[in-house]
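Structure provided below as structure tokens; questions to follow.
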Amino acid sequence: MSRARKPEWLKMRPPSGERFTEIKETLRDNDLHTVCEEANCPNLGECWSGRDGPGTATFMLMGDRCSRGCNFCDVQTGGMEPLDPDEPENVAESVAKIGLDYVVLTSVDRDDLPDQGASHFARTIRAIKEQDPSILVEVLVPDFQGEPELVRKIIEAEPDVIAHNVETVERLQWPVRDRRASYEQSLSVLDQVNRESDIYTKTSLMLGVGEYDHEVYQTMSDLREVGVDVVTFGQYLQPSRSHLEVFEYVHPDVFDTWQRVAEEELDFLYCASGPMVRSSYRAGELFVDAVLRDGQSVAEARERARSAD
């Protein structure tokens with residue numbers, strides 16, 4: 001089914017424009033990677049432009065090769081290199097130069113490192129906040145093999161949003177994800193953040209990998225049970241023929257339904273849901289809008305995150 005012609009709603013425009021070029025040149029000058037490029041995100045141009053709100057770029061820390069081999073992901077596996085000690089400061093300087101209001105930091109998995117890269121993540125968060133405390137920072141972190149002390153390093157660096165993706169429903173964790181990942185382990189990371197801080201939490205699921213509706217609903221319920229604030233849904237697209245095949249192209253109406261269920265029935269702060277949505281899709285714009293709708297100013301949202309104990 002994955003080789004069938006994609007439906008009309010999955011067509012996308014190539015990124016372009018002055019803002020896109022400016023960000024791309026800044027990243028290359030500082031030898032930085034973004035998951036927007038590495039994972040071939042279909043929304044790269046839209047998010048970078050920020051034409052309707054804060055511009056958002058997702059920086060991928062710790063190299064462009066991953067220690068895990070998830071069957072959905074286009075990032076290369078193996079051959080990891082030593083960390084660049086200058087990367088945290090280079091990211092912070094690039095963010096200031098580009099003038100981003102909202103930054104997403106993510107990374108490859110680095111199971112090969114003693115602390116799996118948690119300290120490097122924390123240094124980057126602090127470097128950005130030192131450059132400009134008004135910048136909102138979202139981090140999309142690995143599961144750190146479920147080790148609480150490593151998750152705590154991220155919490156103590158005081159980002160504004162901590163995201164970790166469960167990716168799919170419990171039954172499909174394998175073959176979708178690497179065998180070192182698990183549904184319970186991912187929930188434990190999100191649960192710890194909510195138990196130990198007031199930082200907003202977020203996760204994302206892919207649809208079209210063979211999930212049933214009742215499994216999606218159960219996943220959403222499990223996420224709310226551990227206090228997750230934000231959920232996003234997007235269509236899985238096969239990066240190459242060696243990756244997991246698409247089971248189904250899910251109609252946009254279904255994505256709309258899940259958004260209504262998330263926001264109106266299960267009371268998520270907000271839900272971004274659509275065939276082309278990815279975890280960091282318009283993250284800054286949607287977060288700021290949701291926080292204001294929730295009765296807080298952006299300043300209060302920053303203070304809420306910083307006041308985590």
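Would you tally the net charge around GLN218, using a Cβ to Cβ cut-off of less than 12 Å, leaving GLN218 out, and scoring K and R as +1, D and E as -1?
Cβ neighbours under 12 Å give a net charge of -4.
In the neighborhood of PRO114, defined by Cβ-to-Cβ distances under 13 Å, what is the net charge if each Lys or Arg adds +1 and each Asp or Glu adds -1?
Numbers: positive: ARG110, LYS153; negative: ASP111, ASP112, ASP115, GLU147, GLU149.
So the environment of PRO114 carries a net charge of -3.
Can you give the net charge of the other residues whose Cβ lies under 10 Å from the Cβ of PHE287, counting K and R as +1 and D and E as -1? Don't jump to the answer; show the numbers that get you there.
Values: positive: LYS202, ARG282; negative: GLU138, ASP160, ASP229, GLU285, ASP289.
My count for the surroundings of PHE287 gives -3.
Run the simple label-point estimate for SER134 and GLU149 please: 7 Å along Cα→C-beta, distance reported in nm.
Roughly 3.9 nm, to one decimal.
Next question. Quick one: which of LYS6/LYS202; LYS97/LYS129; LYS11/LYS202; LYS129/LYS202 span more than 23 angstrom between C-alpha atoms?
Pairs exceeding the cut-off: LYS6/LYS202; LYS11/LYS202.
Another one. How much FRET efficiency would the formula 1/(1 + (r/R0)^6) give for THR257 and LYS6, where r is the Cβ-Cβ distance and R0 is 25 Å, rounded to 0.05? Before the final figure, lay out the partial values.
On the way: r = 21 Å, r/R0 = 0.85.
Calculated value: 0.75.
Every read-out reported here was derived from the displayed coordinates using simple, explicitly stated rules and does not represent laboratory data. Owing to the predicted nature of the structure, the values given are computational and were not obtained by experimental measurement. As a convention, Cβ positions derive from the backbone with ideal geometry for all residues, glycine included, and neighbour counts pool all protein chains shown.
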